[in-house]
1. What number of residues in region 96-111 are touching an Asp or Glu at 6+ places or on another chain (Cβ under 8 Å) and either surrounded by 22 or more Cβ atoms within 10 Å (Cβ to Cβ) or under 21 Å from residue 16 (Cβ atoms) (or both)?
2. Scan region 18-29 and give yes if some residue there is among the aromatic types (Phe, Trp, Tyr), modelled with pLDDT of 95 or more and assigned to a strand (DSSP E or B), otherwise no.
3. Only residues that are modelled with pLDDT under 95 and either under 13 Å from residue 34 (Cβ atoms) or hydrophobic (A, V, I, L, M, F, W, C) (or both): list them for region 62-104, please.
4. So which pairs qualify, if the first residue must be in region 32-55 and more than 12 Å from residue 97 (Cβ to Cβ) and modelled with pLDDT of 95 or more, the second must be charged (D, E, K, R) and open to solvent by less than 60 Å² (accessible area, probe 1.4 Å), the Cβ gap must be under 6 Å, and the two must be at least 6 apart or on different chains?
5. Might you let me know whether region 112-120 holds any residue that is out of contact with any Pro (no Cβ under 8 Å at 6 or more places or on another chain), within 14 Å of residue 32 (Cα to Cα), open to solvent by less than 50 Å² (accessible area, probe 1.4 Å) and polar (S, T, N, Q)?
6. I need the full set of residues from region 56-112 which are within 20 Å of residue 15 (Cα to Cα), small (Gly, Ala, Ser), part of a loop (DSSP other than H, G, I, E, B) and under 13 Å from the mean Cα position of the chain (by Cα), in order please.
7. Filter region 32-55 for residues that are touching a helix residue (DSSP H, G or I) at 6+ places or on another chain (Cβ under 9 Å) and not in a strand (DSSP E or B) and give the result.
8. Looking only at region 1-32, count how many residues are within 24 Å of residue 122 (Cβ to Cβ), of a type in the set (A, V, I, L, M) and open to solvent by 60 Å² or more (accessible area, probe 1.4 Å).
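The values are calculated or read from the model by the stated rules, or taken from the named source; none is laboratory data. Predicted, not measured: the structure shown is a model, and the values here were computed from it. Note: ideal-geometry Cβ built from the backbone for every residue, glycine included; neighbour counts use all protein chains shown. Note: areas computed on protein heavy atoms with side chains; ligands, DNA, RNA excluded. Shrake-Rupley method; radii C 1.70, N 1.55, O 1.52, S 1.80 Å.
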Amino acid sequence: QVQLVESGGGLVQPGGSLRLSCEGSGFDFSSYSMYWYRQPPGKERELVAAITSGGGLTDYADSMKGRFTISRNNPRNTLYLEMNSLESEDTAMYYCAKGERPGIVYSSIKYWGKGTLVTVSS
């Protein structure tokens, strides 16, 4: 069955960087768009970034644009999120999600990882 496992979260100081990873299994990883979402404490889940199946196109939420980079290594079945210039507002549970098509389509997500916690604090 589809499985998504995030890693790389942790405590980081403001202004610091982290790289999150998401390893997928149980599906043809290279055939699907992939997404990062996050949920800050007490707030709703929101889109962070999206990437097409081959990695040729990406999309970002405005607040993440210029600071975060989504990428993928299809032979490794792995999705990445590089986060720079982190702020306290970036503190959240970060989730990896699988799309249903090669292209980026914002619709209901069927498969989520369990999440990895990013805490930005001094």
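1. 1
2. So in region 18-29, the residues among the aromatic types (Phe, Trp, Tyr) come out as 27, 29.
If we keep only those that are modelled with pLDDT of 95 or more too, we end up with 27, 29.
Then drop every residue that is not assigned to a strand (DSSP E or B), which leaves none.
No, every residue in region 18-29 fails to be among the aromatic types (Phe, Trp, Tyr), modelled with pLDDT of 95 or more and assigned to a strand (DSSP E or B).
3. Within region 62-104, just 64 meets the criteria.
4. Close Cβ pairs satisfying both conditions: 55/72.
5. Residues of region 112-120 that are out of contact with any Pro (no Cβ under 8 Å at 6 or more places or on another chain), as a first pass: 112-119.
Among the residues that remain, those that are also within 14 Å of residue 32 (Cα to Cα) are: 112.
Narrowing the set further to residues that are open to solvent by less than 50 Å² (accessible area, probe 1.4 Å) leaves none.
Within region 112-120 (the criterion being out of contact with any Pro (no Cβ under 8 Å at 6 or more places or on another chain), within 14 Å of residue 32 (Cα to Cα), open to solvent by less than 50 Å² (accessible area, probe 1.4 Å) and polar (S, T, N, Q)), the answer is no, since none of the residues qualifies.
6. Answer for region 56-112, where residues must be within 20 Å of residue 15 (Cα to Cα), small (Gly, Ala, Ser), part of a loop (DSSP other than H, G, I, E, B) and under 13 Å from the mean Cα position of the chain (by Cα): just 61.
7. Taking region 32-55 and keeping what is touching a helix residue (DSSP H, G or I) at 6+ places or on another chain (Cβ under 9 Å), we get 38, 40, 53-55.
The answer is 40, 53, 54, 55.
8. Residues that pass the stated criteria total 1.
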